[in-house]
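Input: a single structure, listed below in structure tokens.
The values are calculated or read from the model by the stated rules, or taken from the named source; none is laboratory data. Since we're looking at a predicted model, the values are computed, not measured. Please note: Cβ atoms are built from the backbone with ideal geometry, for glycine as well, and neighbour counts cover all protein chains shown. Side chains included, ligands, DNA and RNA excluded: accessible areas come from the protein's heavy atoms. Shrake-Rupley method; radii C 1.70, N 1.55, O 1.52, S 1.80 Å.
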Amino acid sequence: MVVHSLGVYLPESRVTAEEIAAWTHLPAEVVREKLGILEKPVPGPKDHPADMALWAAQAALGAAGLPGEAVDWVISIVEEYKDYPVWTTAPYLALGLGASRAKGLDLNQKCASLMGALEVARGLFATHKEVQVVLVAGGYRNGDLVDYLDPNTRFLYDLAAGGASLVLTRKGPGLRLLGLAHRMDPTLALAVKVPVGGTRNPLTPGNLSAFRLRVEDPEAMKQRLDATSIPTFLEVIREALAEAGYTEADLDYLALLHMKRSAHRAVLEGLGLREEQSIYLERFGHLGQLDPILSLNLAWEKGLLREGSLVALAAAGVGYFYGAAVLRLEGGLHA
């Protein structure tokens, strides 16, 4: 299975570190240097998650020179907060792409959803010999749910908006998948959530302002992540590398989700990588599960990926999920 082509959609509107500083009452230098945000895309009135995913998917298929009818499966990783509640998006993507014969799935592991989608796609190619093309697409705008006056959710101030997509094919050229690894931390199952709008606490006229992402126990979450986050990132990357038959010394590029600047550096240092072997997404913020696709796209545009390059993708999603994938470039990439 190879990543044959990529598609990315980003809204035109941006907010800057200075604007975020004004909203949060933080010094702009803290936003830029500690949180690692110079600017980030924010949605316009037509930038809904499923539509952004569709536009990215159209770009990915176009780059590959494939019609919608060529798609065997659509795997949607459109975020749970999307155009409509209680609604699936794989059928909507298939409709918009003209993928009339495709089967589909909706998957959600928050910001680790791409890794889950790659695992499912690998299984589809392995068990269904007729499958030739799998499309993965997602849209994200959880930035709508950020309360910039809540210091306990400061790590979410980077949430942005956009869409991204992969076309996966059985044969190359492309980035051949060689290894995958996953971890889950159930101790953080309830750590981050929107506390209203579900069956436990339905929406009412009186609690609409609480429909924002909140941290249940900020100190406990901080202690747990301080102790486990970076080590777990390194573990899943190394496990995926081991499945592929490599070590971190063989890595050429790391596509890592956006995180605070010090954490990004810690992951690179833990793997013995130089800063130029990854792209820090300081001008894009955090597009959730789409960050690794965006990072790959930027790396390809900048000429950082060459024939034979060994690439790792790594992400984490609240819940708590961690995942990593290792791929090798064989014969070029369409983007």
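Hey, got a sec? Which GluC sites (Glu not before Pro) in the stretch 1-102 land in a DSSP loop and have at most 10 other Cβ atoms within 10 Å?
Loop-located and lightly packed - Glu12.
Compute a Gaussian network model of the chain, connecting alpha carbons closer than 10 Å, and tell me which residue from Gly288, Gly172, Gly138 fluctuates the most.
Comparing Gly288, Gly172, Gly138 in a Gaussian network model of the chain, the most mobile one is Gly172.
For Val15, what residues show an amide H to amide H distance below 5 Å, using hydrogens built from the backbone and excluding near sequence neighbours?
The list, which skips near neighbours in sequence, is Lys40, Val42.
In whole Å, what are the Cα extents of the chain along the three principal axes, biggest one first?
52, 44, 36
Write down the accessible area per residue of the stretch 158-241 in Å², having rolled a 1.4 Å probe over the full set of protein chains.
Working: 4180 Å² over 84 residues.
For the stretch 158-241, the solvent-accessible area averages 50 Å² per residue.
In whole Hz, with x marking every Gly and Pro, tabulate ³J(HN,Hα) for the stretch 137-151 from phi via Karplus 6.51 cos²θ - 1.76 cosθ + 1.60, θ = phi - 60°.
Using θ = phi - 60°, the values come out as 8, x, x, 8, 8, 5, x, 4, 9, 8, 9, 6, 9, 9, x Hz.
Could you please tell me the mean projected area of the C-alpha convex hull for the stretch 1-40, averaged over all directions and given in square nanometres to one decimal?
Numbers: hull surface 17.5 nm².
For the Cα atoms of the stretch 1-40, the hull's average projected area reads 4.4 nm².
Within 14 Å, Cβ to Cβ, of Thr127, how many net charges do the neighbouring residues add up to if Lys/Arg are +1 and Asp/Glu are -1?
+1
Just subtract the alpha-carbon distance of Gln132 and Ala220 from 0.36 nm times their residue separation and send over the number in nm, one decimal.
27.1 nm
Please compute the net charge surrounding Ala99, taking Lys and Arg as +1 and Asp and Glu as -1 over other residues with Cβ under 9 Å from its Cβ. Show your work: numbers first, answer last.
Working: positive: Arg101; negative: Glu69, Asp72.
Neighbourhood net charge equals -1.
By DSSP, what percent of the beta bridges with both residues in the chain are antiparallel, rounded to the nearest 5?
Rounded to the nearest five, the antiparallel share is 70 percent.
Please compute the volume of the convex hull spanned by the alpha-carbon atoms of the stretch 55-99 and report it per residue in Å³.
Values: hull volume 3.2 nm³, N = 45.
Given the Cα convex hull of the stretch 55-99, per-residue volume reads 71 Å³.
In the chain, which longest range has no trypsin sites (Lys or Arg not before Pro) that are both DSSP loop (not H, G, I, E or B) and surrounded by at most 11 other Cβ atoms within 10 Å?
The longest uninterrupted stretch comes out as 201-273.
Express the carbon and sulfur contribution to the solvent-accessible surface of the chain as a percent, rounded to the nearest whole number, probe 1.4 angstrom. The partial results should precede the final answer.
Details: 7690 of 14080 Å².
Ligands and nucleic acids excluded, carbon and sulfur reach 55 percent.
Kirkwood Rh and Cα-based Rg: tell me the resulting Rg over Rh for the stretch 91-243, rounded to two decimals. Present the calculation step by step, with values, prior to reporting the outcome.
Details: Rg = 18.9 Å, Rh = 18.6 Å.
For the stretch 91-243, the value is 1.02.
With springs only between Cα atoms under 10 Å, which of Ala189, Ala17, Ala56 fluctuates most in a Gaussian network model of the chain?
Ala189
For a paramagnetic label modelled at 7 Å from the Cα of His25 toward its Cβ, which residues of the stretch 127-156 fall within the zone defined by backbone nitrogen distances under 17 Å?
Under cut-off, by backbone N: 147-155.
Computed over the Cα atoms of the stretch 227-330, what is the ratio Rg over Rh, Rh following Kirkwood?
Details: Rg = 12.5 Å, Rh = 13.6 Å.
That ratio equals 0.92.
May I ask for the equivalent-ellipsoid semi-axes of the stretch 275-335, computed as the square root of five times each C-alpha gyration tensor eigenvalue and listed largest first in whole Å?
Value: 21, 14, 10 Å, ordered largest first.
In 10 Å bins starting at zero, report the fraction of Cα pairs in the stretch 54-141 per bin as a rounded %.
The calculated distribution, bin by bin, is 18, 52, 28, 2.
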